[in-house]
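The values are calculated or read from the model by the stated rules, or taken from the named source; none is laboratory data. Fair warning: this is a prediction, and the values are worked out from it, not measured in the lab. Every residue, glycine among them, receives a Cβ derived from its backbone with ideal geometry; neighbour counts consider all protein chains shown. Calculation scope for accessible area: heavy atoms of the full protein, side chains included, ligands and nucleic acids excluded. Shrake-Rupley method; radii C 1.70, N 1.55, O 1.52, S 1.80 Å.
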Amino acid sequence: MYITTTVPYVNARPHLGFALEIVQGDVLARHHRRRGEPVRFQTGTDDNSLKNVLAAEAEGVPVRELVDRNAAAFEALREPLNLSFDTFIRTSH
């Protein structure tokens, strides 16, 4: 089984809606793993969007700085939410 979350833009830090989505994906992955089924659970961020550029301009920081900082905040949800995702990807469409 392959489970993935949406791949949100990183124009801001993660919000409650994404936290809920990733926890729901984690519950599903753990359920199937406990049943002995092979599971790959993947999440990540989309680093390439106009929203990211506009957010960086509004903050007066380079786009790469904003993207790196916010992507790290999404990935850092692993520890406090005790998430079991296999892979965290950073992609662009």
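In the chain, the longest principal axis of the Cα atoms and the axis of helix 63-75 are about 20 degrees apart. Rounded to the nearest percent, how much of the accessible area of the chain (1.4 Å probe, protein heavy atoms only) is carbon and sulfur? It is 55 percent, rounded to a whole number. From helices alone, the chain scores -15000 deg cm²/dmol at 222 nm; the rule is -39500 (n - 2.57) for each run of n ≥ 4 DSSP H residues, then divide by the residue total.
Shown are E57, E65, E21, whose ranking by accessible area with a 1.4 Å probe and every protein chain present, most to least, is E57, E65, E21.
The relative contact order of the chain, computed from alpha carbon pairs under 8 Å that lie at least 6 residues apart in sequence, is 40 percent. A simple count of charges around R33, restricted to other residues whose Cβ falls under 11 Å of its Cβ and scoring Lys, Arg +1 and Asp, Glu -1, yields +1.
Rolling a 1.4 Å probe across the protein heavy atoms gives the chain an accessible surface of 61 Å² per residue.
Charge dipole (Cα centre; +1 on Lys/Arg Cβ, -1 on Asp/Glu Cβ; no other charges) of the chain amounts to roughly 400 debye. Here Kirkwood radius over Cα pairs in Å was computed from the coordinates, and among [x] 15.3; [y] 13.8; [z] 12.7 the match is [y].
A simple rule links phi to the HN-Hα coupling: the Karplus curve 6.51 cos²θ - 1.76 cosθ + 1.60 with θ = phi - 60°, which for the stretch 42-56 gives 10, 9, x, 9, 9, 8, 10, 7, 4, 4, 5, 4, 5, 5, 5 Hz, with x for Gly and Pro.
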